[in-house]
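Worksheet for the structure shown next.
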Amino acid sequence: MKEIDEVDEKILRILKANARTPLSTIAEELGISKTAVKKRIDKLVKRGVIGKFTIEFSSTSGVRALVFIKTEAKGKTTDAAQSIKKISFVDRVFEVAGDYDIVAIVSALNVEQLNEIVDRIREIPNVSSTVTIMVLKEY
């Protein structure tokens with residue numbers, strides 16, 4: 001597999017900061033053509049370097065939380081993680097080692113919606129318990 005070069009790294013950094021950055025802006029910043037930027041992005045997607053383009057809620061609106069999840073020993077953690085990932089407003093899901101099996105990052109519009117999302121997570125087969133930690137400030 002071809003390595004990522006310096007131009008690809010710069011494109012990834014720009015898109016990570018704002019996935020909606022116009023191709024023309026990226027091209028101008030890097031000193032290459034808009035077509036070259038598009039081709040590079042397409043190749044990064046095809047190679048799996050870029051998994052998806054998504055939105056992120058503003059830290060000034062809504063609530064964000066980390067949900068720590070324990071699963072039952074008899075079940076598959078991967079199955080629970082895949083089910084959690086499908087829930088709207090769940091941003092990221094990690095299978096982890098330690099006291100918990102899964103950690104989910106959730107961005108909800110308000111506390112009530114967050115509670116509904118956690119309730120949905122608890123309904124998933126093989127989920128035995130959850131602990132929710134609200135994010136107060138992001139750096």
Given +1 on the Cβ of Lys and Arg, -1 on the Cβ of Asp and Glu, and no further charges, what dipole in debye does segment 19-139 carry about its Cα centre, rounded to the nearest 20? 740 debye
Please report, in whole Å, how far the alpha carbons of segment 6-46 spread along each principal axis, starting with the longest. 23, 20, 19
Karplus (6.51, -1.76, 1.60) ³J(HN,Hα), θ = phi - 60°, over segment 8-19, in Hz, Gly and Pro reported as x: 4, 4, 5, 4, 4, 4, 5, 5, 5, 5, 7, 5
Under the 7 Å Cα-to-Cβ spin-label approximation, L15 and T132 lie apart by a distance in nanometres of 3.3 nm
For the pair K46 and S88, how long in nm is the line joining their label points, each one 7 Å along Cα→Cβ? 3.5 nm
Once you've got the Cα coordinates, tell me which of K52/K137; K86/K137; K38/K76; K34/K137; K46/K70; K38/K86 are over 32 Å apart. K38/K76; K34/K137; K46/K70
Along the three principal axes, how long is segment 93-139 when you take its alpha carbons, biggest first, rounded to the nearest angstrom? 27, 26, 14
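Once you have the Cα-Cα distance between Q113 and L66, take 0.36 nm times their residue separation minus that, and quote the gain in nm to one decimal.
Numbers: separation 47, 0.36 × 47 = 16.92 nm, distance 1.42 nm.
Gain in length upon complete extension: 15.5 nm.
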Semi-axes a, b, c in Å (a largest) for segment 63-134, each sqrt of 5 times a Cα gyration tensor eigenvalue, come to 19, 11, 10
Computed D for the chain, Stokes-Einstein, Kirkwood radius over alpha-carbon pairs, 37 °C, 0.692 mPa s, to the nearest µm² per second, is 190 µm²/s
What does the helix-only formula give at 222 nm for the chain: each DSSP H stretch with n ≥ 4 adding -39500 (n - 2.57), the total divided by the residues, and the result rounded to the nearest 500 deg cm²/dmol? -11500 deg cm²/dmol
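Just so you know, all these numbers are worked out from the coordinates, no wet-lab data involved. Note that the coordinates shown come from a computational prediction; the quantities given were computed from them, not determined experimentally. Don't worry about glycine lacking a Cβ; one is built from the backbone with ideal geometry, like all the others, and counts go over all protein chains shown.
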